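Where a number appears in this text, it was derived from the coordinates with a stated rule and is not lab data. All values derive from a computational prediction rather than experimental measurement. Reconstructed Cβ throughout: ideal geometry from the backbone, glycine too, with neighbour counts over all protein chains shown.
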Amino acid sequence: MASGLPAQSARRRLSQGELDLIVSAHERFIEGRPGGKRASLRFVDLTGLDLSDRNLSDADLSGSVFDNCKMARAKLERANLFGCDLKRTDLREAVMRRADLRGACLRGANVALADLSGADFREGQIGVSHPTKGLNLLRTEGRAGQLDQVNFAGAKLDGSQMEQISACASDFTDCSMKGAILSGANLKDANLSGANLEGAEIGGAILENVNFVGAVLTGVDVRRARSSTGAKMGGNLGAPSETAIARTHDLLERAKANQMWCDTGGKHGSPAKMDAEDLRPMGLRLRGFRLTAMSAKGACLVGLDMTGCQLQGSNFEGADLRSVCFKDADLRGARLGGSDPSRFHQCDPGAPTPGRWTRDAGEPPRGQAALCDGIGRRPDRRDPGRRRPAGRGLHGRQHRRHQPGGRQHHAGQWPGHPACKIPSPREWRRDPSQERLKVRRLFAAR
């Protein structure tokens, strides 16, 4: 692809008001409302403007200058950012899935906790005019992606194409880079501690003084990379051992016993004890399980899918929870001491935002975890800043809540508790249509 990029001084400068009008029309276009128009902001100068929380998905922004722009939490899915200047841009928590970033410069940008799954950072062909004869003697030259000194901490780069990029001294701490292609990339002095590089391709990459301490290197052949001084290795996580794979059936039986314990109100089965176990071979088998009061202290759950699991009162102290999917999971009362909630990830891009966390995790979690708030309800979407007060305990008096039958449930009778025969609101919503009448009658009987 060849395109003539005019000099920066020749780019049309937009004011904040003009930009807001164009973006508002684009948002109406995305939502299918009248008066919408797709944004075409090619070769414009947007230096220092504010695009925070705006939706520019599928917009054409090629060749534009975003130097020092504020773009935190912006939506740029499938946006065309070919050849853009994004130096020192604030892109924290931005959504840039499958964005075209070929030949773009992000030097010094802050992309922490952003979602760049499937983004394309490969080399782009840039058209360069002659210094005196202009476009009469146009020539093309390759421009590699420039990602030097970028803060990618906690970002999601799964499946991204980063061949031949320059990412010297960049911070990839705790990134999810599963299946990323880093062939020939220059990663000198980069920090990849705690990153998940499962299945990544790093053949021919320059790894001079790279920090891989605590990184997940399952399926990664570091021998194909180039390094004269060597990289810092230590505490790396490889593929599951044969012993861990052989124990998969036994661990699944423990999970089934935990579900039976919940379903029978504690009469049969028992809470699962999976302390210090490697649960990665479980894969998708734990989705939707009721694992209330499960103990997984010091366990390895990297990349595990626990969508829809009931995990009230579970113990994950010291567990490795990198890239775990907790979408629609109930984590009320779960203990996370020693684990980092900022490493959680969602599998579904459309999952709700995290709510308030009140238990052992300390400060509210960062990143892409789908956590409920202190009383099991997510914040009111009409007011994102609103937070309901946390209760005194998992089954305390302040957790009384009206149900479809109009009754309140006191301490020890919270729906979803193993000793309570009344289904939880989540179960009530998920019951098949032929069972809903039975559930309503059960509520009315209380």
Karplus-derived HN-Hα couplings along the range 180-185 (A = 6.51, B = -1.76, C = 1.60, θ = phi - 60°), whole Hz, x at Gly and Pro: 5, 9, 10, 4, x, 6
Give the order of His249, His26 when sorted by the count of other beta carbons within 10 angstrom, beginning with the fewest. His249, His26
Most to least packed among 58-70, 324-336, 214-226 [average Cβ atoms within 10 Å]: 324-336, 58-70, 214-226
Which of Ile30, Ile202 comes first, and how do the rest follow, when ranked by fewest Cβ neighbours within 10 Å? Ile30, Ile202
Once the in-chain neighbours fewer than 8 apart are removed, the lysines whose Cα is under 23 Å from Lys188 read Lys87, Lys156, Lys178, Lys232
Give me, ordered by chain and number, the residues 5 or more places off Arg335 or on other chains with an amide H under 5 Å from its own placed amide H. Ser314, Asn315, Phe316
